[in-house]
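Let me begin by presenting the structure, written as structure tokens, before commenting on it.
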Amino acid sequence: MLKTNFLDVELSNPLMNASGVHCMTTKELDELATSEAGAFVTKTATRDYREGNPEPRYYDTALGSINSMGLPNNGLDYYLDYVIERQRAGAKLQFLSVTGMSYDENIALLKKIQESEYEGVTEFNLSCPNVPGKPQIAYDFELTDKLLAEVFTFFTKPIGVKLPPYFDIAHFDEMAKILNKYPLTYVNSVNSVGNGLYIDLDKEQVVIKPKGGFGGLGGEYIKPTALANVRAFRERLNPSIKIIGTGGVINGKDIFEHILCGADLVQVGTTLHKEGVSVFARLTKELQEVMKEKGYSSLDDFRGKLKVIE
Ligand code: RRO
């Protein structure tokens, strides 16, 4: 009932972790790989190991989460070795997330992946909101265009981009126009809603240490923004570019809504962090219940079919 195809690989269901959650170590990745999730993505890797920002740097709230992790990760080689080893053992569809700390590092990382034996998908993260002094690439349209133009002079493997949320129709138009110039496999919307501020009222204090308490929001807060971005890009991107919907998935209905807006796959961040990998069994069951109630037998029955009021 939930089966779906991505790059000609059949997945048991459309669910994945969102990069950053439960995917830092090989132990966590193994747990995702053996969970009910249809696929997984690694923590965004930089060239070198990074400690990340000082703790506390992630905080669960009643309606979601706020984080300023600061890109802690074990370095590209760690994750590339992991996915290559699994590929040799027969793994079919894997997602390797990367981002560079500079323009040249972005190019160098992708060249390394291109030259490796890795045949899976690369998720190019253009939207980390939490590195002090480093603006998000994807809020700079000219830079995004220039970077992608250079990437596609040498990169021939499947690659998608992880985008931040946009909040203006002109920005949806402008970014879609840029993305449509390139042979992208997919677009993933959205990363966390950058630089929110959550306050502990009793303490009259922020809840995370980096950046004076400012951090990326996830969870229930961001579902309408995530759905708007999925819908807006589905309406604007070439049909050959798939969409991964991320943001605000708490239950099966939320997944249904993402797919109704046009998502091919759906990622879970905050709720995975709160519940652990058993969340995928719960969510697949709930999505099937929603579909059954509505009389749908496959995801294609309703994918992208959101109705508007005429
Ligand atoms: O590590 C982080 O602080 C982080 C990253 Br790279 C990202 O893409 N999104 C996010 O919310 N946190």
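Report the relative contact order of region 107-232, percent, no decimals, based on alpha-carbon pairs under 8 angstrom and at least 6 residues apart. Intermediate results must be reported in sequence, preceding the final value.
Numbers: 163 pairs, mean separation 31.3, N = 126.
25 percent.
Write down the accessible area per residue of region 217-310 in Å², having rolled a 1.4 Å probe over the full set of protein chains. Walk me through the numbers on the way to the answer.
Values: 4250 Å² over 94 residues.
Spelled out: the 1.4 Å probe surface of region 217-310, per residue, equals 45 Å².
With labels modelled as points extended 7 Å from the Cα through the Cβ direction, what inter-label distance (nm, one decimal) is found for Lys177 paired with Thr153?
Simple spin-label model gives 2.4 nm for this pair.
List the residues whose amide H sits under 5 Å from the amide H of Ile159, counting only those 5 or more places along or on another chain, with H placed 1.01 Å from N in the peptide plane.
Thr122, Thr185, Tyr186
Step through the residues of region 95-103 one at a time and calculate ³J(HN,Hα) from phi using the Karplus curve (6.51 cos²θ - 1.76 cosθ + 1.60, θ = phi - 60°), rounding each to whole Hz and writing x for Gly and Pro.
Going residue by residue, I get 10, 10, 8, 9, 7, x, 7, 8, 4 Hz, with x marking Gly and Pro.
Which residues' amide hydrogens lie under 5 Å from the amide hydrogen of Cys128, considering only partners 5 or more residues apart or on another chain, with H built in the peptide plane?
Ile137
Please list, ordered by chain and number, the residues whose modelled amide H lies under 5 Å from the amide H of Ser97; skip anything fewer than 5 residues away on the same chain.
Thr42, Ala45, Glu123
Just to confirm, what accessible area per residue do you get for region 1-115 at 1.4 Å probe, in whole Å²?
Numbers: 4950 Å² over 115 residues.
Using a 1.4 Å probe on heavy atoms only, each residue of region 1-115 averages 43 Å².
For the ranges 188-194, 106-112, what's the packing order if you count other beta-carbon atoms within 10 Å of each residue, average per peptide, and put the highest first?
Values: 188-194: 27.9, 106-112: 17.7.
Result, highest mean first: 188-194, 106-112.
Taking all protein chains in place and a 1.4 Å probe, what share, in percent, of the accessible surface of the chain do carbon and sulfur account for? Mind showing how you got there, number by number?
Details: 6960 of 13750 Å².
On the chain, the fraction of accessible area on carbon and sulfur atoms equals 51 percent.
According to the square roots a ≥ b ≥ c of the eigenvalues of the Cα gyration tensor, what is the shape class of the chain, taking rounded for a/c under 1.5, prolate for a/b larger than b/c otherwise, and oblate for the remainder?
Values: a/c = 1.22, a/b = 1.06, b/c = 1.15.
Rounded is the answer for the chain, as its axis ratio a/c remains below 1.5.
Show me, for region 189-199, the HN-Hα J-couplings you get by feeding each phi into the Karplus relation (A = 6.51, B = -1.76, C = 1.60, θ = phi - 60°), rounded to Hz, glycine and proline as x.
Result, ordered by residue: 10, 10, 6, 4, 6, x, 6, x, 9, 10, 10 Hz.
If you average the sequence gap of Cα pairs under 8 Å that are 6 or more apart and divide by the length of the chain, what percent do you get for the contact order?
Working: 640 pairs, mean separation 60.8, N = 310.
The value is 20 percent.
Taking 0.36 nm per residue of separation and subtracting the Cα-Cα distance, what length does fully extending Ser298 through Glu275 add? Show your work: numbers first, answer last.
On the way: separation 23, 0.36 × 23 = 8.28 nm, distance 2.66 nm.
Full-extension gain reported as 5.6 nm.
Tell me the relative contact order for region 233-276 as a rounded percent, counting alpha carbon contacts under 8 Å between residues six or more apart. Intermediate values should be presented prior to the final figure.
Details: 43 pairs, mean separation 18.5, N = 44.
Relative contact order for region 233-276 comes out at 42 percent.
Convert each backbone phi in region 49-57 into a coupling constant with the Karplus relation 6.51 cos²θ - 1.76 cosθ + 1.60 (shift: θ = phi - 60°), then list the ³J(HN,Hα) values in order as whole Hz, x for Gly and Pro.
3, 10, 6, x, 7, x, 8, x, 9
How big is the dipole moment of the chain about its Cα centre under a simple scheme where the beta carbon of each Lys and Arg is +1, that of each Asp and Glu is -1, and everything else is neutral? Debye, nearest 20, please.
In total the dipole reaches around 300 debye.
The values are calculated or read from the model by the stated rules, or taken from the named source; none is laboratory data. All of these numbers come straight from a predicted model, not from anything done at the bench. Ideal geometry is used to build each Cβ from the backbone, glycine not excepted, and the neighbour counts take in all protein chains shown. Surface areas here come from the heavy atoms of the whole protein model, side chains and all, with no ligands, DNA or RNA. Shrake-Rupley method; radii C 1.70, N 1.55, O 1.52, S 1.80 Å.
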